[in-house]
Structures are given as C-alpha cells and as structure tokens.
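Participant: Here it is, the structure in full.
Just so it is clear, none of the values below were taken in a lab; they were calculated from the coordinates. For clarity, every value in this text was computed on a predicted model and none was experimentally measured. Cβ coordinates were reconstructed from backbone atoms using ideal geometry, including for glycine residues, and neighbour counts include every protein chain displayed.
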Amino acid sequence: MPCQSKNDIPKTVKVLDIKSENPFVKTFTLDISVGAQPGQFVMIWIPRLNEKPFSVAFDDGNELKIAIAAVGEFSNAMHDLKVGDKVGVRGPYGKPFEYEDSEHLAVIGGGYGAAPLYFLAHEAVERGCKVEFVVGARNKENLLFLNRAGMLADTNVHVATDDGSEGHKGYNVPLLEKLMDEGLKVDRMLTVGPEMMMIAVSDLALKHDLPCQVSVERYMKCGFGVCGQCVVDESGMPTCLKGPVMDHKLAREQVEFGKYHRDRVGRKQEW
Amino acid sequence: MDLSIVYANVHFPNPIVLASGILGVTGNSLKNVIENGAGGVTTKSIWLEEHLGHPNPTMMGNEHFFVNAVGLPDAGIEKAKDEIGTYMNWYNSQDKKAPLIASIVAGKISDFAEIAEKIAELKPHAIEVNISCPNVEDELGKPFACDRDQAAEVTKIVKKRTNGEYPIVVKLSPNVNNLTEIAKAVEAAGADGITAFNTFGPGMVIDIETAQPVLANKVGGVSGPGLKPLVVKGIFDLYEAVKIPIIGTGSVLTGRDAIELMMAGATLVGVGTAVYYRGNDVFGKIAQEMEEWCDENDVKDMSEIVGRSHRV
Ligand SMILES: Cc1cc2nc3c(=O)[nH]c(=O)nc-3n(C[C@H](O)[C@H](O)[C@H](O)COP(=O)(O)OP(=O)(O)OC[C@H]3O[C@@H](n4cnc5c(N)ncnc54)[C@H](O)[C@@H]3O)c2cc1C
Ligand SMILES: Cc1cc2nc3c(=O)[nH]c(=O)nc-3n(C[C@H](O)[C@H](O)[C@H](O)COP(=O)(O)O)c2cc1C
Ligand code: FES
C-alpha cells in the first residue's frame, strides 16, 4: 500500500531544559528524537494556540533542540514556557544540507540561522570535515551559539557585527570574501539567514565556482506538501518538500527569492 | 492510450483533477500540479473578501485517516484575479490544455451571487460551488449542502448571475441522509454537474497526553483511503438519480481507485489527500496506472467505463 506507517499527528513531549542564548533567542530541549538531519525542520504545537515551523538546532538521537527568536504571538508564548510544560512535535520535514565527508565547508549564518548551522558543523566535523563558521548579527547581543561553535574541533569561528561590538565591523559575507581573497579555500558553502545575505553568499559561490546550498523559508502550515501555502514563484514547487535547503541555483531560478514571500492567506509580502 | 474525456462540454486531457483546497494557493502551484500529471485543476475556494481561516494545526494524518480544518483561508477575489490570470496565461501557451475549475464559497446566498458574477469575469472553464465545507460550521452554520432548498437556491442564483455561460458544478456533502433528493433539487435548479464529495464528518482527534483536541478548530473534515466504499456508494446512487455528470472526489490513491469511482458513475475524478500519501507527483502516477489498466482491459475510450457498474 502507498500509505504504510505514516504519522503526522503531533506527539506531545516535555520541555526538559530552556536556555536563554541572548535577549531574543531561547533554546528548548525536548524529550524526543525525531531523527533529524541538519537543515530539516519540525512543527511545534502549543495546544489551543498554534503550530509553527522551526529548524532543528540539535538532535542527538535522544533529545531535540530548537532555538526560537521571539518575534510574535507564538514565539513569545514559547518563551513563556517553563521546564516540564508540554509541546507537540511532528516531523522532521524538508530536505537537509548535503556535503561529502572530509570536505572543507564554509557555513554562513545570520539571525537564528546560526542554530541549525551549529548542528550542521557538529555533524560535519564528525564526518571529517573542516568548518569555517561565519556568523553575523546587528551587534554583540544578537550573536548566537558562538561559544558552542568555538568548542568544536576543526572549526574556525569568524564573527561580524554591524556596529563592530564584536569581531569584524560590517557584514559577515564581505568578511568571508576577504578571507577567501587572502587565500582561504573551501569546497562548499552552506547558509541560513536573511535572503539578501544568502544571495550575497550565492554570488560569492558563483564567483569562486563553488557548490552552495541555501535555506528558503516560506509560510508553512502542513509541512508535508499538501496545503500549498509555501510554494514559490514561478516553479510553484512547495518549499517544505523541495526545500527548505536547496541548491542556490534552484533558489535563484525562483523569481521571488530575495524579493517577496507570502503570508497566511497567500498574499505577497516584500521582504 | 488517450485518456481524454469531456465533462459538461469541457475537454480534459485525462480524468484526474486536483480537488479544491490542496496545492491551490497560487497560479503557479496549479501549473505545477498539471506538470505533475493532472488533467485539470480546481482552485482553492475563493471568497469575496479576505478570509483568515483557522490557526494551525489545520491538518494531520496517519496511514488510516486524514483530518483538516484549514477553514478556507483566502485573500479574496482581488488576489484570485492575479493567480487565475497567471494560470490562464500559462494555459494559453500550452499545447495540452488542462482546464481550470474555479471554486467559490460564501456565507450568505447573496454573497454567492456576487462572487459568482466576479469569478465569471475571469473566464474559468467551469465554476464549482462549495456549499459543503464541514469545518466552518461555527462561523457559517450548517452547510447549505445539507438542506435541499438552500442548495437549490444557491445553484439557481449562481447560474443566473453567470448568465448560463459557464458550467456550474455544485459540490455536495456526504454528510446527509437525503443525498439523492438534494442532488435532484440542484439539477432542477440548473446545475451542469455535481462534485461528490467534500470531506466527511466533521471528526476530531484528541491528544491523550494533554486531553486537548489537536485541530485548532477542534473539529475537521475527514478524508483518507478508508472512506472509499462510502464514496463509491454515494456516486453509484447519484448516477442513478441525476443525469448531470459527476466529479467523483474522495479517497482516491491509485489508478484502480479512480477507475472504481468512474465505474460507479464519475466522469472526472478529484484527487486531494492522495498528495499526502503518495507525493505531489501523484496525479501522473494515477493517470499512468489508469492507462495501464485500460490497455490491459481493452478500454478504447474513457467514457466507456463511466457508470459501467450500472450496465453489467
Ligand atoms: C523551515 C523554517 C524554519 C524556521 N526555523 C526557525 C528557527 O529555527 N528559529 C526561529 O526562531 N524561527 C524559525 N522559523 C520562523 C518561525 O516559524 C516564525 O518566526 C514563527 O512562526 C513566528 O510565529 P509568531 O506567531 O511568533 O509570529 P507572527 O507574528 O505570526 O509572525 C512573525 C513573522 O514570522 C513569519 N511566520 C509566521 N508564521 C509562520 C509560519 N507558519 N511559517 C513560516 N513563517 C512564519 C512571518 O514571516 C511573520 O512575518 C522558521 C521558519 C521556517 C519556514
Ligand atoms: C487540506 C484540505 C483542504 C481542503 N479545502 C477545500 C476547499 O477549500 N474547498 C473545497 O471545496 N473542498 C476542500 N477540501 C475537500 C477536498 O476538495 C475533497 O473534496 C476531499 O478532501 C475528498 O477528496 P480526497 O480524498 O481526494 O482528498 C479540502 C480537503 C483537504 C484535505
Ligand atoms: S507547508 Fe503545506 S505545502 Fe508546504
């Protein structure tokens, strides 16, 4: 039968730990493993409120971590949770990052993008890769997962802040470009963050003729390719199935990439 | 073999049409469904004004069932113009032409008149009148499809306000005990076709860890493979009751399922939930399986199998 052993009903689990990463982001450890790979996402349900998509920030086969920025009703309700409260989880959904063992990777993050990239770097190092962890934020307060990334073997952390309160003053992509101009060689670029930043990464990859994957995040309801809320123009493909992680060339074929996305009722919204 | 078939004077390259509310948010998404093998598409149900729909969770499923309470979110007719326009432009550039059925919805009979008039301006190939959504009852009350007179009244007004220029297909609810009476009333009121069915129920899923209903709307329409005998029986009865053609919709996952609905009396076969079970290229898979079966069984023309079970 085509429908063997499917289950996309949220499973409720306990919040085991909550950690404030910075004034805007908290990491939640949940009592479940969904067997996720870096780049995939889960749907998190708070009963009677809503259910929203979040990237997996870690999954070690026992516990699941997600890092959530407080931006609206649902994410603020997450920040109000206490250890021992229950949330629903379903997934994992979407395509993960792809790379080969023992490569030299540049992973480039902005905003909460650093969280899934830390998971990626952790796994990549175990697979014999060397990692350049390049993160950017408005200021020092907004940086995320730096200490943890700094403790990984074979990983160099590079930091840029808009105001220079930590690391290089300016954006993170020009920082990486400078390092590459000075002789840094990588085999592949992998990025999660604001679309304008990912476009800058993609430009750099094109310039150096390197493979590159980006994470395209659209409004998601089902997460499994049915509702059609997360489709992109002009291919019309659902990003929950064909993404969020996809080849940068495929992303740039989508006319809306870097320009607009759609809201809850499907209306276009500029970034 | 050629799988094409004519429904209410509209030519479809194959009988598999996308059901309303699945992958129907944008014109390009509808295009993508055709590229994945469907013979036609139904838009999601379009309102006059923006309609938010329910919060998430709006849908979930397992190998046995699927429930949804999306609550008909839509940006309204203005946005629909752009999306249908996108589809129509693409349609006009194609050799293999897969028609678009525009689904409309309203809470009041007078709003049905207005949305019908506006949708007709966009020249869809047919108009499907959704009077049977089971997950907006809190807001709209019992669906019109559950009342013979109201179902007929909506049909009449939509037919009138579109000047009889478009095939009007009325989407029925399976959740009634006078199905054939309602169908006859809708036919007498001028409907050119029937879609059978919308989802069943509504039903409910409870999370036993928290004792909470999982759908934000608490209740939602039920679909999925186990409902097929009910869908087949309903279509079988309708085929005997009315002369207008039927879009058989509900529980189809495979080519064999689609052929079963056609033998019961469907001319076209709507496919929605199967996207969950078999992926977004399910339309082409089903069409391919139908073709193989028809070749093996010496079917020359798809119309041969429509209602075959009534002739044996
Ligand atoms: C694949 C994917 C991975 C994500 N990973 C993370 C993550 O690791 N950490 C994190 O903090 N956030 C992540 N997000 C974004 C997160 O889903 C939204 O921030 C959250 O849904 C906001 O809900 P809210 O009610 O707090 O805010 P709202 O006020 O409802 O919305 C604030 C903004 O969030 C976006 N948003 C709202 N609902 C959704 C939705 N259902 N799907 C997508 N975007 C939405 C909209 O752009 C909106 O403008 C991810 C989104 C996607 C699609
Ligand atoms: C997620 C989802 C959304 C739906 N939205 C609509 C809708 O907007 N309008 C409508 O007439 N029917 C809607 N339906 C009902 C379907 O069009 C169809 O009638 C029903 O699901 C049975 O067919 P299936 O088993 O192939 O899904 C929806 C069904 C699902 C599963
Ligand atoms: S979130 Fe529903 S199709 Fe992608």
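Participant: Relative contact order of segment A:104-270, please, whole-number percent, based on alpha carbon pairs below 8 angstrom and at least 6 residues apart.
Facilitator: Dividing the mean separation by the residue count of segment A:104-270 yields 18 percent.
Participant: Sticking with this structure for a sec: Can you bin segment B:166-312 into rounded, prolate or oblate? Criterion: square roots of the alpha carbon gyration tensor eigenvalues sorted a ≥ b ≥ c, rounded for a/c under 1.5, prolate for a/b above b/c, oblate for the rest.
Facilitator: Taking the square roots of the gyration eigenvalues as a ≥ b ≥ c, segment B:166-312 is oblate.
Participant: Which links in B:Lys96/B:Lys184; A:Lys86/A:Lys268; A:Lys95/A:Lys268; A:Lys268/B:Lys97; B:Lys97/B:Lys142; B:Lys97/B:Lys218 stretch past 30 Å when you go from one Cα to the other? It would help to have the intermediate numbers written out before the result.
Facilitator: On the way: B:Lys96/B:Lys184 34 Å; A:Lys86/A:Lys268 34 Å; A:Lys95/A:Lys268 24 Å; A:Lys268/B:Lys97 28 Å; B:Lys97/B:Lys142 37 Å; B:Lys97/B:Lys218 40 Å.
Beyond 30 Å: B:Lys96/B:Lys184; A:Lys86/A:Lys268; B:Lys97/B:Lys142; B:Lys97/B:Lys218.
Participant: So which of B:Lys108/B:Lys156; B:Lys171/B:Lys243; A:Lys26/A:Lys221 end up more than 19 Å apart, counting from Cα to Cα?
Facilitator: A:Lys26/A:Lys221
Participant: Over 19 Å apart: what share of the alpha carbon pairs of segment B:1-89 falls there, rounded to a whole percent?
Facilitator: For segment B:1-89, the share of Cα pairs beyond 19 Å comes to 50 percent.
Participant: For segment A:1-50, what D do you get in µm² per second when you plug the Kirkwood radius from alpha-carbon pairs into Stokes-Einstein at 10 °C and 1.306 mPa s?
Facilitator: Values: Rh = 13.6 Å.
After rounding, the answer is 116 µm²/s.
Participant: Do you know the relative contact order of segment A:36-186, to the nearest whole percent, from alpha carbon pairs under 8 angstrom that are 6+ apart? List each step's numbers first, then the result.
Facilitator: Values: 280 pairs, mean separation 28.8, N = 151.
With pairs under 8 Å counted, the relative contact order is 19 percent.
Participant: Using amide H atoms built in the peptide plane, which far-off residues or other-chain residues are under 5 Å from B:Ile16 H to H?
Facilitator: B:Gly39, B:Val269
Participant: Less than 14 Å Cβ to Cβ from B:Asn36, Lys/Arg counted +1 and Asp/Glu -1: what total charge do the surrounding residues give?
Facilitator: On the way: positive: A:Lys242, B:Lys31, B:Lys96, B:Arg278, B:Lys285; negative: B:Glu35, B:Asp281.
That works out to +3.
Participant: What's the Cα-based Rg to Rh of segment B:120-167, Rh via Kirkwood? Write down the numbers at each step before the final one.
Facilitator: On the way: Rg = 12.3 Å, Rh = 11.9 Å.
Radius of gyration over Kirkwood radius for segment B:120-167 works out to 1.03.
Participant: Let me ask another. Please report Rg over Rh for segment A:6-93, where both radii come from the alpha carbon positions and Rh follows the Kirkwood definition.
Facilitator: Computed over Cα atoms, the ratio is 0.92.
Participant: Follow-up. Dividing the convex hull volume of the Cα atoms of segment B:56-125 by its residue count, what figure in Å³ per residue is obtained?
Facilitator: Hull volume over Cα atoms, normalised by residue count, gives 141 Å³.
Participant: When Cβ neighbours within 10 Å are restricted to other protein chains, what is their mean count per residue of peptide A:218-225?
Facilitator: 5
Participant: A follow-up question, please. Report, largest value first, the span of the C-alpha coordinates of chain A along each principal axis, in whole Å.
Facilitator: So the three principal-axis extents are 53, 41, 37 Å.
Participant: Taking the Cα atoms of segment A:142-257, what is the range of coordinates along each of the three principal axes, in descending order and whole Å?
Facilitator: Reported extents, whole Å, longest axis first: 44, 29, 29.
Participant: Where the centroid of each part is defined by its Cα atoms, how far is segment B:37-61 from segment A:159-201 in Å?
Facilitator: Going from one Cα centre to the other spans 40 Å.
Participant: If only Cα atoms are counted, what is the Rg of segment B:181-240, and what is its Dmax, in Å?
Facilitator: Rg then Dmax for segment B:181-240, in Å: 16.2, 51.
Participant: What are the residues whose amide H is under 5 Å from the amide H of B:Met59, where those residues sit 5 or more places off or on another chain and H is modelled from the backbone?
Facilitator: Amide H neighbours of B:Met59: B:Ala69.
Participant: Calculate the tail of P(r) for chain B: the fraction of all Cα-Cα distances greater than 34 Å, expressed in %.
Facilitator: 14
Participant: I would also like to ask the following. Sequence neighbours fewer than 8 away in the same chain don't count; with that in mind, list the aspartates and glutamates whose C-alpha is under 17 Å from A:Lys19.
Facilitator: A:Lys19 reaches A:Asp31, A:Asp59, A:Glu63, A:Asp80, A:Asp85, A:Glu141.
Participant: So what's the gap between the Cα centers of segment B:244-268 and segment A:1-75, to the nearest angstrom?
Facilitator: 39
Participant: With 5 Å bins from zero, work out the P(r) of segment A:111-193 over every alpha carbon pair and list the percent per bin.
Facilitator: Spelled out per bin, shortest first, that is 3, 15, 27, 26, 20, 8, 1, 0.
Participant: Also: Quick one, can you get me the convex hull of the C-alpha atoms of the protein assembly as shown expressed as volume per residue in Å³?
Facilitator: On the way: hull volume 87.1 nm³, N = 583.
Roughly 149 Å³ of hull volume per residue.
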